[in-house]
Amino acid sequence: MNAAAAGLFALLPENTLPVLFGAAALGLVVFLHELGHFVVAKACGIRVEVFSIGFPPRMCGFRFGETEYRLSWILFGGYVKLAGMEYEKGVDPRGVERGYHASPLWVKLAVCACGPAMNILTAFLFFTYLYAAGFPVPANMESTVIGAVVAGSPAERAGLAPGDRVLAVNGRPVERWEEVNKSIVYATTPAVEIAYSRDGARRVERIVPDADERLRLKRIGILPADLLSFSVMKDSPAAEGGMRDGDFIVSAGGERIYSFDRLLQVIRAHDGQALRLGLLRAGKPAAATVVPRELPAGIFPAAPGAAGPKGPAIGVALRTSVGMDELEANGLVVYIYRDPFTWMARNLQEMYLTLRGLLMRAISPRGLAGAIGIVQIMSYFMRAGFRQFAYIMAVISVNLGVLNLLPIPVLDGGHIAVALVEGVRRRPLSATVMAALQNVFVALLIAFMLLVSANDVVRIWGEKIAWLMEKPPAAEKR
């Protein structure tokens, strides 16, 4: 990178580049989808009028041959406009020369299917890479040990406690935290049955979940075990006791520590008393003995997650962002080697459970993410490393491909269904009816995109918007 480019990037706000790369990655997924339609249409002699990444209004573009290539402002997706494909009032698209509807049935099916097929192929290739290279996951997420129980939550009322290991949800065995969480979220029963072990004994509780206030997703108030890494303050009890920056605390006073809140409780219970900490340092066990005490304000920075300064403290601050490389160096990463067919099957199952949950009203539409949310998710995974980027590219690709195969007008699956019906009937459907259906479902699609975009805005900026709305107006100057 030359000095001018480096200087330009330095002027950008923090996290701008990952977001831009995330948007570019989403654009790539859409581009590959539309490229599938485009290539097959061209190969079969259908005239392609527009190839667009994004929906109108048009941002920029150029014409090459008979096709206009454009980039549009609304980056929810994209489209290829084929001659004679749209139903317009008073115009029968079947009479358009080199048009879609004037083509044989097999050509229509190939053109419509190759967009989703490109996405599914892309997902398969990324999943194949992950099968060969392994997909890294933090060790705490490959466990079902409860790290914390939210105060006043259904789980606390049912008696669940940190250190309990969840064995099954509604009779279905779970092996990792993702499965615990999704089994609760996707449950269609009013109560979920949680089987767990404590001190070697199996217990079962029936718990009625409550709902997250913003996303309306089911939850019972349990959190996974934390991986607690700290920065150490100079001249603090932690520094005096032998702790170093980047140490992970795994135990305190002989008790296994699963959450930051529990660590604070143990520290404050040992005011002025020696407290032995079990540590993990560069992947090897270590130990430090600290004596918690009140710390002067100057020794302790006002940092989120700081273990103090109110009450006894040891002078450490929780590191809220620990890279995957550092976790791996400490032996806190588990590699998943899953064949691409299993990856695809798991994603298809999750899509089915989501659609079923939405139809049965077991899941709120507030939990759905639109283009803004997808870009945010992709930018987060890109910062985590290439394997995480490959994973999210595969997930987004398979979702886009399969959802487009749903038999809904304006989607590829809808066009395939219409082509098959017309093939069976051996005559076309009414152009007037098809034009009406097209307009209705275009309006519904736009409404859906606005809904998920509103979800993104509330999820990402909701608290800031609420703060601005509640902020009293400034007093007028006299």
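Some points to look at:
- Of all residues in the stretch 323-339, those that are among the hydroxyl-bearing types (S, T, Y) have Cβ atoms under 6 Å from Cβ atoms of residues that are surrounded by 16 or more Cβ atoms within 10 Å (Cβ to Cβ), 6 or more apart or on another chain, in Y335/P136.
- Listed conditions (1) within 21 Å of the chain's Cα centre (by Cα); (2) modelled with pLDDT of 85 or more; (3) buried (at least 19 other Cβ atoms within 10 Å of the Cβ) are all met by N330, apart from (1).
- Residue within the stretch 174-196 that is aromatic (F, W, Y), under 22 Å from the mean Cα position of the chain (by Cα) and modelled with pLDDT under 90 present: yes
- Scan of the stretch 122-136 for residues that are part of a helix (DSSP H, G or I) and under 21 Å from the mean Cα position of the chain (by Cα), ordered by number: T122, A123, F124, L125, F126, F127, T128, Y129, L130, Y131
- Test for L355: is it out of contact with any helix residue (DSSP H, G or I) (no Cβ under 8 Å at 6 or more places or on another chain) and closer than 29 Å to L405 by Cβ: yes
- In the set G22, G99, G78, only one residue is in contact with a helix residue (DSSP H, G or I) (Cβ under 8 Å, 6 or more places away or on another chain), modelled with pLDDT of 70 or more and assigned to a strand (DSSP E or B); that residue is G78.
- Residues within the stretch 227-248 that are touching a residue at least 40 places away in the same chain (Cβ under 8 Å) and either within 22 Å of M324 (Cα to Cα) or of a type in the set (A, V, I, L, M) (or both), tallied: 13
- Residue among R172, R176 that is basic (K, R) and touching a residue at least 24 places away in the same chain (Cβ under 8 Å): R176
- All positions within the stretch 176-205 that are among the charged types (D, E, K, R), surrounded by fewer than 13 Cβ atoms within 10 Å (Cβ to Cβ) and outside any loop (DSSP other than H, G, I, E, B): R202
- Filter result for S251 (modelled with pLDDT of 90 or more, under 20 Å from G311 (Cβ atoms) and either exposed (fewer than 15 other Cβ atoms within 10 Å of the Cβ) or not basic (K, R) (or both)): no
- Every pair of residues 6+ apart whose Cβ atoms lie under 7 Å, when the first sits in the stretch 418-431 and is part of a loop (DSSP other than H, G, I, E, B) while the second is basic (K, R): P428/R94
- Taken as a whole, the condition of being in contact (Cβ under 8 Å) with a residue 60 or more places away in the chain and over 24 Å from G278 (Cβ atoms) applies to V185.
- When A384 is tested against (1) modelled with pLDDT under 90; (2) surrounded by 14 or more Cβ atoms within 10 Å (Cβ to Cβ); (3) more than 23 Å from A132 (Cβ to Cβ); (4) under 22 Å from the mean Cα position of the chain (by Cα), exactly one condition is not met: (3).
- Some residue of the stretch 389-409 being within 25 Å of G22 (Cα to Cα), of a type in the set (F, W, Y) and surrounded by fewer than 19 Cβ atoms within 10 Å (Cβ to Cβ): no
- Residue within the stretch 264-271 that is free of Cβ contacts under 8 Å to residues at least 60 places away in the same chain, among the charged types (D, E, K, R) and within 25 Å of G323 (Cβ to Cβ) present: no
- On inspection, L263 does not qualify as out of contact with any Pro (no Cβ under 8 Å at 6 or more places or on another chain), at pLDDT 95 or above and buried (at least 17 other Cβ atoms within 10 Å of the Cβ).
- Output for the stretch 164-175, where each listed residue is buried (at least 20 other Cβ atoms within 10 Å of the Cβ) and either charged (D, E, K, R) or within 12 Å of I222 (Cα to Cα) (or both): D164, V166
- Filtered residue count, the stretch 351-376, keeping only those that are surrounded by fewer than 16 Cβ atoms within 10 Å (Cβ to Cβ), in a helix (DSSP H, G or I) and in contact (Cβ under 8 Å) with a residue 12 or more places away in the chain: 3
- The number of residues in the stretch 225-257 being part of a loop (DSSP other than H, G, I, E, B) and over 22 Å from Q273 (Cβ atoms) comes to 7.
- Residue in the stretch 432-440 that is closer than 29 Å to V107 by Cβ, over 22 Å from the mean Cα position of the chain (by Cα), without any contact (Cβ under 8 Å) to a residue 60 or more places away in the chain and crowded, with 19+ Cβ neighbours inside 10 Å present: no
The values are calculated or read from the model by the stated rules, or taken from the named source; none is laboratory data. Only a predicted model underlies this, so the values are computations on that prediction, with no experimental measurement involved. All Cβ positions, even for glycine, are placed from backbone atoms using ideal geometry, and neighbour counts span all protein chains on display.
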